[in-house]
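*Asks:* What follows is a single structure, and I will ask about it in a moment.
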Amino acid sequence: MFRLTRSDLAILTLTLSVLLLPTHGQAQNEPATQESVQEAVQEKVEDLRESVKSTRGHRTASEYFGLVTYAPVDFIVFHKIGASAGLVMSPDFTWELEYIGATLSFPSLADDLGGVKDRRLSLIGRRYPKSNSFNLWLGLSYMSLSAHISNDMINRVSGGNSPDLDLIEINSVGLTFGFGNRWIFDNGVTFGVDWLAITQNLSVLDRKSTFLDRATNPQDRESIERVIDLISSFPRITLLKLQLGYIF
């Protein structure tokens with residue numbers, strides 16, 4: 001039997017309580033008692049219960065899903081945007097392929113860099129442990145980060161310029177894991193939140209920097225090498241990744 005979990009009910013009740021609070025004008029003309037507000041909230045919760053409890057049922061009856069993704073807090077570069085597509089293997093397990101990335105012109109990570117592009121491609125297995133919406137997931141990620149060195153450092157390199165002198169490229173693979181909730185409504189619309197995700201680098205596949213081959217200033221070389229080491233080992237931590245899409 002499908003059921004709405006306590007976490008689902010708490011989130012829905014809080015949301016409806018805010019939406020149903022009377023406006024200032026209504027408070028003067030049509031004062032709402034605490035009992036009437038509670039009744040209205042309970043009625044709406046019951047309506048949504050019937051819709052949201054089909055989350056597990058939709059996974060049973062569906063084969064594919066697609067989602068767009070927005071991660072406002074995702075290190076190293078914030079405000080990542082992406083998309084994912086997946087297969088429903090059972091009500092308790094799905095596979096999905098997710099791409100997400102962002103570009104930042106003036107990063108706060110290091111003063112030695114003039115711009116950063118951070119991209120990630122992940123294959124994720126998502127498990128619902130006999131749950132309606134709560135899920136735990138684990139997967140592998142291919143991470144690609146490119147950064148441009150600041151003009152001050154480039155100007156100190158002797159022997160002329162080259163098209164990729166200011167470019168650093170780091171490609172690596174890592175382990176990604178996290179937990180979240182994903183709700184499916186009667187019309188197939190899917191809304192999800194990954195509350196916390198961590199992607200930890202396991203192996204650096206490739207590191208490229210023409211600057212390190214050409215630079216003669218030892219302090220500049222040390223600064224860039226330190227930045228590369230930091231980027232290579234720094235875990236990608238994601239908070240509150242939002243997903244919206246459709247299951248069919």
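*Asks:* Quick check on E39: is it at pLDDT below 75 and either open to solvent by 20 Å² or more (accessible area, probe 1.4 Å) or in a loop (DSSP other than H, G, I, E, B) (or both)?
*Replies:* Working: at pLDDT below 75: no; either open to solvent by 20 Å² or more (accessible area, probe 1.4 Å) or in a loop (DSSP other than H, G, I, E, B) (or both): yes.
When the stated conditions are applied, E39 does not pass them.
Let's see how each residue does on (1) touching a helix residue (DSSP H, G or I) at 6+ places or on another chain (Cβ under 9 Å); (2) free of Cβ contacts under 8 Å to residues at least 40 places away in the same chain:
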| site | (1), (2) |
| --- | --- |
| D164 | yes, no |
| N171 | no, yes |
| G178 | no, no |
| R182 | yes, no |
| L205 | no, yes |
| T216 | no, no |
| R221 | yes, yes |
| E225 | yes, yes |
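*Asks:* State whether one or more residues within the range 221-237 are under 12 Å from L145 (Cβ atoms), aliphatic (A, V, I, L, M) and out of contact with any strand residue (DSSP E or B) (no Cβ under 8 Å at 6 or more places or on another chain).
*Replies:* Among the residues of the range 221-237, at least one is under 12 Å from L145 (Cβ atoms), aliphatic (A, V, I, L, M) and out of contact with any strand residue (DSSP E or B) (no Cβ under 8 Å at 6 or more places or on another chain), which makes the answer yes.
*Asks:* Would you please name the residue that is nearest to I237 (Cα to Cα), looking only at residues in the range 74-105 that are among the aliphatic types (A, V, I, L, M), modelled with pLDDT under 95 and open to solvent by 20 Å² or more (accessible area, probe 1.4 Å)?
*Replies:* Only one residue tops the list, namely I76.
*Asks:* Strands (runs of 3 or more DSSP E) wholly in the range 133-248 with at least 2 residues that are open to solvent by 10 Å² or more (accessible area, probe 1.4 Å) and over 20 Å from Y99 (Cα atoms) - which ones? Before you say what the answer is, go through the steps one by one.
*Replies:* Values: elements: 134-149, 167-184, 189-209, 236-247.
So the answer is 134-149, 167-184, 189-209.
The values are calculated or read from the model by the stated rules, or taken from the named source; none is laboratory data. Quantities reported herein were computed from a predicted structural model and do not represent experimental measurements. When we count neighbours, we look across all protein chains shown, and the Cβ atoms used for this are built from the backbone with ideal geometry, even at glycine. For the accessible areas, the whole protein counts, side chains as well, though only heavy atoms, and no ligand, DNA or RNA atoms are used. Shrake-Rupley method; radii C 1.70, N 1.55, O 1.52, S 1.80 Å.
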